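Each remark here refers to the structure printed beneath this line.
Every number here is computed from the coordinates shown, using simple stated rules; none is lab data. Keep in mind the model is a prediction, meaning the values are calculated, not measured.
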């Protein structure tokens, strides 16, 4: 097992040392000691950081990733959780594709006023419904 100080891990991973210290604080990675004031990591930390990066790219929170990595040396990745995230991404892709298509249509729409364009009206309606679902409404008094 090779050892790497935090500076070398930072260079290899492209992450600032502050992020590595934060990840260690959150339990995502673990140093194996110190060399003077510098934290020292096993070279296996690079693979673990790659798993964290993949999880972040997929939309998992650091807390969700920490749960998957908490089992020890081998990650405990919940396949049902992966499927749920993939389903969530499918919904996002579908919604964003509809918005993209609507924007492209609006950009080339021959209507004199965008508010007269049926496709643009559909796009506004979709945006309003999405906003209404995600907005927290104050209680009515």
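Specify the residue with the greatest mean-square fluctuation among 111, 50, 66, computed from a Gaussian network of the chain linking alpha-carbon atoms under 10 Å apart.
The residue that fluctuates most here is 111.
Sort all Cα-Cα distances of segment 79-134 into consecutive 10 angstrom bins from zero, then give the percent of pairs in each bin up to the one containing the longest distance.
Bin by bin from 0 Å, the calculated values are 23, 40, 24, 11, 3, 0.
In µm²/s, what is D for segment 3-69 at 4 °C and 1.567 mPa s, where D = kT/(6 pi eta Rh) by Stokes-Einstein and Rh is the Kirkwood radius from Cα pairs?
The diffusion coefficient I find is 109 µm²/s.
Compute the helix-to-body angle for 45-57: its Cα long axis versus the longest principal axis of the chain, expressed 0 to 90° and rounded to tens.
Tilt of helix 45-57: around 10 degrees.
In degrees, nearest 10, range 0 to 90: what is the angle between the Cα axis of helix 79-108 and the longest Cα principal axis of the chain?
40 degrees
Taking the Cα atoms only, what angle lies between the long axis of helix 118-134 and the longest principal axis of the chain, rounded to 10 degrees?
Roughly 50 degrees, rounded to the nearest 10.
Jot down the per residue volume, in cubic angstrom and as a whole number, of the convex hull over the alpha-carbon atoms of the chain.
199 Å³
From Cα pairs below 8 angstrom and at least 6 apart in sequence, can you work out the relative contact order of segment 1-75, rounded to a whole percent?
Once divided by the residue count of segment 1-75, the mean separation gives 31 percent.
Would you mind pulling out the separation of the Cα centroids of segment 109-134 and segment 20-74, in Å?
Cα centroid of segment 109-134 versus Cα centroid of segment 20-74: 44 Å apart.
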